[in-house]
Amino acid sequence: MYPHTFRGSPPLCRLLFIRQAAHPKHFLLEVRCRDGTVDPEPLATSRCGNRFHPTSGNLPLWRQRQPHSVLHNASNVAYDLEELWHAWQADPSSVDELWGNFFGSFDAKASTYAVAASQTIQDTMQLLHLIANFQIHGHTMAKLDPLGLDVPEDIDLSLYHFMEADLDRKFFLGFSMTPGFLSDYSPVVTLREILRKLHQAYCGGVSYEFAHILDRDKCKWLRDRIETGKPHDDYDKNRRLILLQSLIRTTLFENFLAARCPSSKRYGIDSGETLIPGREALFDRAAELGVENVVIGTSHRGRLNLMANVLGRPISQIISELTVGPRPIQVADGQGPIFTGTGELYLQQGVSCDRPTHGGKNVHLSLVAHPCHLESVDPVVMGKTRAKQFYSGDVGRTRTMSVLVHGDGAFTGQGVVYETLNLSALKNYTTGGTVHIVLNNRVAATADQSAGRSSRYCTDIARALGALVFHVNGDDVEAVVRVCKLAAEWRQTFHSDVVVDLVCYRRFGHNELDDPTLTLPEMYQKIHDKVNIFLDEEFAKSKDFVVNKRDWLSASWTGFKPPEQISRVFDTGVKQDRLKFVGRAITKLPVNFKPHRAVEKLLKQRVAMIKTGEKIDWAFAEALAFATLLEEGNHIRLSGQDVERGNFNQRHAILHDQETGATYCPLDHVVMDQNEGLFTVSNSLLSEYAVLRFEMGYSMENPNSLVLWEAQFGDFANCAQVIFDQFLSCAEARWLRQTGLVVLLPHGYDGQGPDHSGAHFERFLQIIII
């Protein structure tokens with residue numbers, strides 16, 4: 001209920017209150033005197049007509065007849081009231097009899113001052129806008145980042161014509177249609193308390209994106225659960241003990257593997273441990289709502305933990321595969337062993353189990369096997385889910401559900417994610433809604449999120465499909481569990497996709513053998529402080545403790561010979577003194593710049609190479625080649641996944657100050673006053689298909705520049721094979737378009753299994769022959 005007075009009203013003037021009725025399209029008017037007494041006959045209205053009629057009887061508001069009113073909506077109340085008031089003053093017979101009675105009910109003295117909707121009405125309208133702002137944009141003000149690197153926005157009260165002095169001013173909100181939210185069963189609330197409750201509901205460890213959803217019933221369903229505290233009512237002592245046990249199992253498993261298998265890539269769940277109890281809660285709640293089968297696709301990170309602590313895979317088997325590798329399976333009929341596979345099998349296998357829930361139900365869980373290109377499993381999971389629904393007669397799609405766990409970089413960068421989302425509502429592909437959990441590390445491989453997407457959130461692609469998006473602080477286990485339960489309820493209620501953005505971080509980098517401080521010093525200093533600062537403080541306290549050819553020829557490629565003519569061959573060598581000159585330039589650092597110790601050692605080695613001219617490795621030779629081209633004024637652009645550091649920790653084109661986080665690119669300073677942007681090196685998003693096509697287009701513009709795309713591994717180029725076949729190998733013959741793009745394939749075979757050794761060089765040789 002919202003208070004309104006008339007301008008210049010005396011102490012005895014009555015107040016007009018607009019109160020939200022239980023029906024979402026109606027609100028009520030009632031008259032209150034300054035002394036607190038209430039007119040016994042409140043007025044009810046609908047937002048879509050032209051009249052007011054009094055309510056009658058004690059029926060619930062949504063069962064009472066709600067006639068039309070001239071007040072079309074809350075935003076123009078002040079103007080409509082003023083118009084009615086002046087019309088009544090000029091000619092009482094010109095307005096509806098009920099409104100005439102209403103205005104005439106004021107005594108003569110009071111009506112002298114009741115001349116229109118007062119400033120209080122306008123303030124209340126602004127209060128309504130303030131509340132709506134939290135509902136729509138509260139996610140931008142939420143405390144989601146466990147590291148505190150992302151500073152949330154704050155509300156500017158001046159935009160709503162409120163000041164600091166208004167914080168303790170009281171507003172009459174009435175008894176809300178969602179008891180327990182703003183009014184908390186108390187009709188009079190200060191602005192300070194309103195803001196506190198709004199922050200608690202919409203800007204805490206959980207935030208919600210639902211303004212893009214056009215279905216009013218869905219929005220009302222969600223607001224009801226946000227604003228009433230319904231998800232908060234089951235955290236009794238026993239439930240918290242279950243969460244604690246799950247976290248302990250998760251943490252102990254990771255610590256044990258770290259101690260016993262220190263040299264293995266485990267892709268542990270460290271600092272994202274709440275994902276495990278979150279998924280358990282998701283499965284439990286889904287089972288309570290009728291789900292019998294869950295088909296799961298998940299990323300590397302936390303996969304072993306999921307297998308051990310949720311899917312019941314023997315830990316002895318996991319350790320064996322980590323330390324020994326895959327073993328043959330003995331066939332029962334004596335035919336001998338069958339080899340099960342090679343490479344990173346322990347991170348790719350599928351597994352299934354029947355899992356009892358805490359609610360006494362049983363649910364069958366199936367984890368689908370996948371290759372290293374993780375998101376390629378997404379449509380596989382949906383297809384398997386759809387088949388299970390078909391063969392089990394699950395016409396309503398309520399008994400079998402799909403759950404996909406993504407990385408933040410992959411969710412944004414891999415086109416198959418959008419393609420999978422786009423299948424969600426198609427007649428012959430829908431599975432009745434998929435629960436997507438994005439394990440948001442805020443970094444893809446070694447590049448931070450600024451290199452991986454153009455949108456605010458990694459989940460923004462889901463908004464295009466009208467999916468509900470939850471954002472949750474990964475350090476708040478109760479919030480994570482609450483959101484996962486809500487996700488299950490949403491899926492079972494509306495049979496549509498829902499996304500949980502679990503904002504966390506990686507304690508040990510891309511994998512346990514990686515050193516993330518090379519490229520992310522600021523983030524990992526925060527992580528170090530977050531983990532150790534409390535114990536360090538306590539330790540300190542202990543001491544004191546008591547097209548066409550014409551277009552082709554007219555472009556900048558004029559003069560470059562077509563393929564039927566002899567290829568151009570140039571001597572690209574340079575003299576030794578030039579190499580020494582540029583070599584010295586690219587091994588210097590600014591004063592007070594603090595590189596990583598490994599980089600500092602590398603630079604010293606390169607200085608020695610320049611002096612002696614010996615033992616120059618591939619990475620430094622590349623840097624020298626780039627430097628000589630830049631000295632001549634040639635533009636160089638290098639793009640690809642993690643090319644700044646180099647996939648083998650070898651390039652270090654961008655250096656990171658270990659104290660300030662500042663970056664420095666030596667190749668930007670080959671000569672004095674070097675043009676900005678002459679050398680560009682950029683970590684790309686996790687898409688080979690799109691990025692290779694982009695760099696091809698870039699290379700077509702100017703033949704006198706060096707444009708390079710580097711696959712993170714040689715086989716990663718396979719994901720862009722369409723570009724090689726349909727563009728790079730034939731664009732000149734088909735469209736008279738030339739390109740000078742250079743493609744770098746870091747390696748073929750180095751013992752990391754078929755997934756990292758499948759570059760298929762014969763295909764590139766065939767392209768050259770053609």
key: Rounded FRET efficiency, nearest 0.05, which uses the C-beta distance separating ALA598 from TYR689 and R0 of 45 Å   = 0.85
query = Within the P(r) computed for segment 591-642, what percentage of the Cα pairs occupies the region above 11 Å?
reply = 76
ask   = Using a Förster distance of 45 Å, how high is the FRET efficiency between ASP166 and ASN238, based on the Cβ-Cβ distance and rounded to 0.05?
value = 0.55
message = Using the Cα atoms of segment 595-735, I'd like the radius of gyration and the largest Cα-Cα distance, Dmax, both in angstrom.
response = 16.7, 53
task = Please give, to one decimal in nm, the separation of the simple spin-label points placed at PHE560 and PHE390, each 7 Å out from Cα toward the Cβ.
result = 4.9
inquiry  = Place a point 7 Å from the Cα of HIS129 along the Cα-to-Cβ direction; which residues of segment 138-173 have their backbone N under 15 Å from it?
reply    = 156-163
query = Put a dot 7 Å past each Cα toward the Cβ at LEU744 and ALA259; how far apart are the dots in nm?
reply = 4.2
query = Can you flag which of LYS526/LYS601; LYS170/LYS485; LYS265/LYS541; LYS170/LYS526 are past 32 Å Cα-Cα?
reply = LYS170/LYS485; LYS265/LYS541; LYS170/LYS526
inquiry  = So, R0 is 30 Å and r is the distance between the beta-carbons of PHE761 and ASP529; what FRET efficiency does that work out to, to 0.05?
reply    = 0.05
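All of the numbers you see were taken from the coordinates with simple rules; none came from a lab. What you are looking at is a predicted structure, and each value in this text was computed from that prediction instead of being measured. Using ideal geometry, Cβ is built from the backbone for each residue, glycine included, and neighbour counts are taken over all protein chains shown.
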